[in-house]
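Visitor: Handing you a structure now.
The values are calculated or read from the model by the stated rules, or taken from the named source; none is laboratory data. Note that the coordinates shown come from a computational prediction; the quantities given were computed from them, not determined experimentally. Note that each Cβ is placed from the backbone with ideal geometry, even for glycine, and that neighbours are counted across all protein chains shown. Keep in mind that these areas ignore ligands, DNA and RNA; they rest on the heavy atoms of the full protein, side chains included. Shrake-Rupley method; radii C 1.70, N 1.55, O 1.52, S 1.80 Å.
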Amino acid sequence: MSFQMRDGVLHAEDVPLPVIADAAGTPAYVYSASAVRTAARRFVEALAPIARKQLLYAVKANPHPAILQTLAGFGFGADIVSGGELQAARAGGIAPADIVYSGVGKTRDEMAAALDAGIGRFNIEHEREGEVLSALACAHGVRATALLRVNPLVDAQSHAKISTALTDSKFGIPYPKAVLMYRRLAALSGLNLEGVAVHIGSQITDLAPLQAAYRRIGTLVAALRAEGHRLSHVDLGGGLGVSYRAGEPGADIAAYGAMVGRETQGWDVSLLFEPGRFLVAQAGVLLTRVLWVKPAQPHPFVIVDAAMNDLARPALYDAWHEFVAVRPRGSERFVANVVGPVCESGDRFAHARAVDRVEEGDLAVLATAGAYGAAMASTYNARALVPEVWVDGDGFDIVSDRVPAARIRPQRLPHWMDAQGLRAAVGR
Ligand code: LLP
């Protein structure tokens, strides 16, 4: 087990969390290497019956190089969406050929850098992007291997902000226009168009929408073949959800593997997968300390030192993360609001929730924070970016430092405005 109670103290693998709090301070993200390995193994095993495939980790979930390198050990390449993620993937030891560039807003510079790096393929989201990529590839003297991202128009039945295949979604080419668009892009001399890609959303726990989307893609593959296109690859995206809350199960990964096997039978392509959350969500917690317990009606506020800038998911998606005391006081619980110090009412991790009783100075964690936690952190309220700690067995290391806001973005006055000038301007 990666995070478990032992002798009344919550541990990350074999390391008591108070030891980590002493070393790194709080708040801090704590990752379990064995949890990453377990999730990777489960994914690989579930898809073992699929003979021709490429596994890609969606770097956006958590770009830490220790995670990338661990996953590379299981054969994962990388799915990236920016030039920064290209650098992260390379820093994590992913070979360029094992990198797929997705995303709706690639810049010309980013595309050129990706071509320079020799990445494996691009997922194209619209016609102009395909034309520009083709021209850039010609200028580089290469052909860019690419897939066309299609919007199958299937509601992922997840949170609206992380559903990507609705009629008004910005992603991909709407299903009814896909054949026409494929025809146009296939004719471009700088592209080597090899198939289609689909991704309908994230935190999907019911497999039915994924199945419906794949079925549509199967129909499209047949239609494109009938037109004479040679398709060799289909990217099935990511999106598999995990359990954030006791009693709410995550996606059944074995059932997913079986469903993919059934739906893609006869496609005669190599399949690509882009899981993010599934591989890392459960491998991380946000370790925090209770600053104050402020009495209030009807429920007290537990004010912790972590905030929405460190873990944005509750504020953005009303996401649930369990709040667990590191040294529970017996089995005592109380109903409380757990909030951070940021000056917004949305800076709230739990609302009127029965949680472990905690007091000033206690340590606690926000669980299941390995995906889209540190990756989405900001310095709002001029708060620091929090450190990350990597735990493997009884060893741990601080693998990123606490960085003050001013160091991340040093700001300066315009050259004509020195401190004196400022006073003069105010005095005018
Ligand atoms: N492929 C594409 C093209 C994507 O857009 C995404 C996620 C993935 C793969 C990986 O999806 P996953 O397996 O992690 O569900 N910040 C949100 C999640 C945003 C997901 C964006 N795209 C959250 O915290 O819930």
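Visitor: For the stretch 329-359, enumerate the residues that are at positive phi and either among the hydroxyl-bearing types (S, T, Y) or assigned to a strand (DSSP E or B) (or both).
Guide: From the stretch 329-359, those at positive phi are 330, 352; that's our starting set.
If the condition is that a residue be at positive phi and either among the hydroxyl-bearing types (S, T, Y) or assigned to a strand (DSSP E or B) (or both), then A352 is the only one that fits.
Visitor: A follow-up question, please. Assess whether Q54 counts as being without any contact (Cβ under 8 Å) to a residue 60 or more places away in the chain and either in contact with a Gly (Cβ under 9 Å, 6 or more places away or on another chain) or assigned by TED's automatic domain parsing to the domain that holds S270 (or both).
Guide: Numbers: without any contact (Cβ under 8 Å) to a residue 60 or more places away in the chain: no; either in contact with a Gly (Cβ under 9 Å, 6 or more places away or on another chain) or assigned by TED's automatic domain parsing to the domain that holds S270 (or both): yes.
No.
Visitor: Residues of the stretch 182-219 being more than 16 Å from the ligand (Cβ to nearest atom), assigned to a helix (DSSP H, G or I) and open to solvent by less than 10 Å² (accessible area, probe 1.4 Å), which ones?
Guide: Passing the criteria: Y182, L185.
Visitor: Could you tell me whether D268 is more than 16 Å from the ligand (Cβ to nearest atom), charged (D, E, K, R) and either open to solvent by 30 Å² or more (accessible area, probe 1.4 Å) or at pLDDT below 95 (or both)? Steps first, please.
Guide: Numbers: more than 16 Å from the ligand (Cβ to nearest atom): yes; charged (D, E, K, R): yes; either open to solvent by 30 Å² or more (accessible area, probe 1.4 Å) or at pLDDT below 95 (or both): yes.
Considered against the rule, which asks whether it is more than 16 Å from the ligand (Cβ to nearest atom), charged (D, E, K, R) and either open to solvent by 30 Å² or more (accessible area, probe 1.4 Å) or at pLDDT below 95 (or both), D268 comes out as yes.
Visitor: Could you please find all residues in the stretch 77-97 being in contact with a strand residue (DSSP E or B) (Cβ under 6 Å, 6 or more places away or on another chain) and open to solvent by less than 10 Å² (accessible area, probe 1.4 Å)?
Guide: So in the stretch 77-97, the residues in contact with a strand residue (DSSP E or B) (Cβ under 6 Å, 6 or more places away or on another chain) come out as 77-80, 86, 89, 94.
Of everything in the stretch 77-97, those that are in contact with a strand residue (DSSP E or B) (Cβ under 6 Å, 6 or more places away or on another chain) and open to solvent by less than 10 Å² (accessible area, probe 1.4 Å) turn out to be G77, A78, D79, I80, A89, I94.
Visitor: Still on this structure, please answer the following. Just checking, which of A377, A406, A367 is under 24 Å from the mean Cα position of the chain (by Cα) and over 15 Å from F323 (Cα atoms)? Even if it seems obvious, please write down each step before you answer.
Guide: On the way: A406 fails: under 24 Å from the mean Cα position of the chain (by Cα); A367 fails: over 15 Å from F323 (Cα atoms).
Selected residue: A377, the only one of A377, A406, A367 that is under 24 Å from the mean Cα position of the chain (by Cα) and over 15 Å from F323 (Cα atoms).
Visitor: Quick one: would you say L56 is part of a helix (DSSP H, G or I) and either over 26 Å from A254 (Cα atoms) or hydrophobic (A, V, I, L, M, F, W, C) (or both)? Before the answer, list the steps.
Guide: On the way: part of a helix (DSSP H, G or I): no; either over 26 Å from A254 (Cα atoms) or hydrophobic (A, V, I, L, M, F, W, C) (or both): yes.
Against the criterion (part of a helix (DSSP H, G or I) and either over 26 Å from A254 (Cα atoms) or hydrophobic (A, V, I, L, M, F, W, C) (or both)), L56 does not qualify.
Visitor: For the condition in contact (Cβ under 8 Å) with a residue 24 or more places away in the chain, away from the ligand (no atom under 16 Å from the Cβ) and part of a loop (DSSP other than H, G, I, E, B), what is the one hit in G93, G130? Steps first, please.
Guide: Values: G130 fails: part of a loop (DSSP other than H, G, I, E, B).
Of G93, G130, the one residue that is in contact (Cβ under 8 Å) with a residue 24 or more places away in the chain, away from the ligand (no atom under 16 Å from the Cβ) and part of a loop (DSSP other than H, G, I, E, B) is G93.
Visitor: Turning to a different aspect of this structure: Kindly provide the set of residues from the stretch 164-181 that are in contact (Cβ under 8 Å) with a residue 12 or more places away in the chain and either touching a Ser or Thr at 6+ places or on another chain (Cβ under 7 Å) or in a loop (DSSP other than H, G, I, E, B) (or both), ordered by number.
Guide: T164, A165, L166, T167, S169, K170, F171, G172
Visitor: Give me the residue from the stretch 28-53 that is among the hydrophobic types (A, V, I, L, M, F, W, C), part of a loop (DSSP other than H, G, I, E, B) and more than 15 Å from the ligand (Cβ to nearest atom) and, out of that set, farthest from L287 (Cα to Cα). Walk me through it before giving the result.
Guide: Step one: list which residues in the stretch 28-53 are among the hydrophobic types (A, V, I, L, M, F, W, C), which gives 28, 30, 33, 35-36, 39-40, 43-44, 46-48, 50-51.
Checking the rest, the ones that are also part of a loop (DSSP other than H, G, I, E, B) come to 47-48, 50-51.
Checking which are more than 15 Å from the ligand (Cβ to nearest atom) leaves us with 48, 50-51.
Working: A48: 35, I50: 38, A51: 41 Å.
Looking at residues that are among the hydrophobic types (A, V, I, L, M, F, W, C), part of a loop (DSSP other than H, G, I, E, B) and more than 15 Å from the ligand (Cβ to nearest atom), I get A51.
Visitor: What is the residue count in the stretch 270-286 for residues that are in contact with a Ser or Thr (Cβ under 6 Å, 6 or more places away or on another chain) and either over 22 Å from V81 (Cα atoms) or among the charged types (D, E, K, R) (or both)?
Guide: So the answer is 2.
Visitor: Quick one: in the stretch 59-69, which of the residues that are farther than 10 Å from I94 by Cα and open to solvent by less than 30 Å² (accessible area, probe 1.4 Å) is farthest from the chain's Cα centre (by Cα)?
Guide: First, pick out the residues of the stretch 59-69 that are farther than 10 Å from I94 by Cα: 59-64, 66-67.
In the following step, the residues that additionally are open to solvent by less than 30 Å² (accessible area, probe 1.4 Å) were identified as 59, 61-62, 64, 66-67.
Numbers: V59: 6, A61: 2, N62: 6, H64: 11, A66: 15, I67: 12 Å.
Top of the filtered list is A66.
Visitor: Taking D235, is it open to solvent by less than 10 Å² (accessible area, probe 1.4 Å) and of a type in the set (D, E)? Let's see the steps before the verdict.
Guide: On the way: open to solvent by less than 10 Å² (accessible area, probe 1.4 Å): yes; of a type in the set (D, E): yes.
Taking the combined requirement at face value, the residue satisfies it.
Visitor: Open to solvent by less than 30 Å² (accessible area, probe 1.4 Å) and within 16 Å of the ligand (Cβ to nearest atom): which single residue out of F349, F323 fits that description?
Guide: On the way: F323 fails: within 16 Å of the ligand (Cβ to nearest atom).
From the options F349, F323, the qualifying one is F349.
Visitor: List every residue pair whose Cβ atoms sit under 6 Å apart, with the two residues 6 or more apart in sequence or on different chains, where the first one lies in the stretch 245-272 and is within 25 Å of V324 (Cα to Cα) and assigned by TED's automatic domain parsing to the domain that holds L47 and the second, anywhere, is in a loop (DSSP other than H, G, I, E, B) and not acidic (D, E).
Guide: Going by the 6 Å Cβ cut-off, the qualifying pairs are R245/W320; P249/S243; G250/T205; G250/G241; G250/V242; G250/S243; A251/T205; A251/G241.
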